[in-house]
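Structure, as structure tokens:
The values are calculated or read from the model by the stated rules, or taken from the named source; none is laboratory data. Worth saying up front: this structure is predicted, and the values here are computed from it rather than measured. Heads up, the Cβs are rebuilt from the backbone with ideal geometry, glycines too, and the neighbour counts pull from every protein chain shown.
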Amino acid sequence: MFNKQQWSREYYKKNKKKFYLYGKEWAKKNPDKKKASRRRWRVKNAEKNRQLANNWAKKNKDYVLHNAKLQKYKRRKAVGSHTLQEWKDLKKSCNYTCQGCGLKEPEIKLTEDHIIPLNKGGTNFISNIQPLCKNCNCSKKDNLNWHLQRLNEKTPQGEATVRTTPITKRKRRDEQK
Ligand SMILES: [Zn+2]
């Protein structure tokens, strides 16, 4: 006997891709309806939705943490923003080295430090961020001169301005002299 339910199930299985593309196309044309349908799905599948969100968050921990930080800065009415990728690129360009003490990840954990503190008019753009370990970050606090003091220690000529050269390069240059 012809089983319509089974037939349509198999038909769907065979043409999954087609259905998917069709749905995508429809969603593009009907963004409001898609939004409403997604909302309905979330209400109907609250438990599953929570689980999915949890799983996603577990897999993207650093993304979640980064977003939480951005929210915090937003509440403090900070100007500007930066992406997780920008922060990762910055750490890479500094060779995963703390700009204060020169220790490296994973020996230490690098944290985002605002070169000019937010409450002193600094922005949250990546150009105002430097990687510091927790110790250095705490010892710096809101001291604006911290960076210049450190630079003077390292290069008495004072030719380098704030974060032009990662500390490792500065060290290497000093060693060559
Ligand atoms: Zn440090």
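Taking segment 102-112 as the range and being crowded, with 16+ Cβ neighbours inside 10 Å and more than 11 Å from the ligand (Cβ to nearest atom) as the test, only E112 passes.
Listed by first and then second residue, the pairs linking a residue in segment 121-132 that is assigned by TED's automatic domain parsing to the domain that holds L90 and closer than 14 Å to G100 by Cβ to a residue that is among the polar types (S, T, N, Q) and assigned to a loop (DSSP other than H, G, I, E, B), with Cβ atoms under 9 Å apart and 6 or more places separating them unless they lie on different chains, are Q130/Q99; P131/Q99; L132/Q99. Could you list all residues from segment 113-138 that are part of a helix (DSSP H, G or I) and either within 16 Å of the ligand (Cβ to nearest atom) or of a type in the set (A, V, I, L, M) (or both)? Scanning segment 113-138 gives L118, I126, K134, N135, C136, N137, C138. Here W26 meets the list (1) over 30 Å from G122 (Cβ atoms); (2) under 18 Å from the mean Cα position of the chain (by Cα) almost entirely, failing just condition (2). Scanning segment 100-120 for residues that are touching a Gly at 6+ places or on another chain (Cβ under 8 Å) and at pLDDT below 90 yields I115, I116.
Failed condition for T97, given (1) at pLDDT 90 or above; (2) closer than 25 Å to K72 by Cα, with all others met? Of everything listed in (1) at pLDDT 90 or above; (2) closer than 25 Å to K72 by Cα, T97 misses just condition (2).
Within segment 75-101, can you find the residues that are within 17 Å of I115 (Cβ to Cβ), more than 16 Å from the ligand (Cβ to nearest atom) and surrounded by fewer than 18 Cβ atoms within 10 Å (Cβ to Cβ)?
Taking segment 75-101 as the starting set, the residues that turn out to be within 17 Å of I115 (Cβ to Cβ) are 76, 78-82, 86-87, 89-91, 93-94, 97-101.
Within this subset, residues satisfying the condition of being more than 16 Å from the ligand (Cβ to nearest atom) are 76, 78-82, 86-87, 89, 93.
Result: R76, V79, G80, S81, E86, D89, S93.
State the number of residues belonging to segment 95-112 that are part of a loop (DSSP other than H, G, I, E, B), in contact (Cβ under 8 Å) with a residue 12 or more places away in the chain and within 16 Å of N137 (Cα to Cα). Don't jump to the end; show me each part of the working.
As a first pass, look at segment 95-112 and keep what is part of a loop (DSSP other than H, G, I, E, B): 95-96, 98-103, 105-109.
This time we only want the ones that are in contact (Cβ under 8 Å) with a residue 12 or more places away in the chain, so: 95-96, 98-103, 105, 108-109.
Going one step further and asking which of them are within 16 Å of N137 (Cα to Cα), we end up with 96, 98-103, 105, 108-109.
Adding up the residues that qualify gives 10.
When segment 59-82 is filtered for residues that are of a type outside the set (G, A, S), in contact (Cβ under 8 Å) with a residue 24 or more places away in the chain and under 16 Å from I126 (Cβ atoms), the ones remaining, listed by number, are K69, L70, Y73, V79, H82.
Residue count for segment 98-121 under the criterion of being acidic (D, E) and farther than 12 Å from L132 by Cα: the result is 1.
Yes/no matrix, rows are residues, columns are (1) surrounded by 13 or more Cβ atoms within 10 Å (Cβ to Cβ); (2) not charged (D, E, K, R); (3) not in a helix (DSSP H, G or I):
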{"position": "E25", "(1), (2), (3)": "no, no, no"}
{"position": "K34", "(1), (2), (3)": "yes, no, no"}
{"position": "R40", "(1), (2), (3)": "no, no, no"}
{"position": "E47", "(1), (2), (3)": "no, no, no"}
{"position": "W56", "(1), (2), (3)": "no, yes, no"}
{"position": "D62", "(1), (2), (3)": "no, no, no"}
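Can you pull out the residues in segment 35-71 that are touching a helix residue (DSSP H, G or I) at 6+ places or on another chain (Cβ under 8 Å) and farther than 23 Å from K91 by Cα? Once the filter is applied, which keeps residues that are touching a helix residue (DSSP H, G or I) at 6+ places or on another chain (Cβ under 8 Å) and farther than 23 Å from K91 by Cα, segment 35-71 yields W41, R42, N49.
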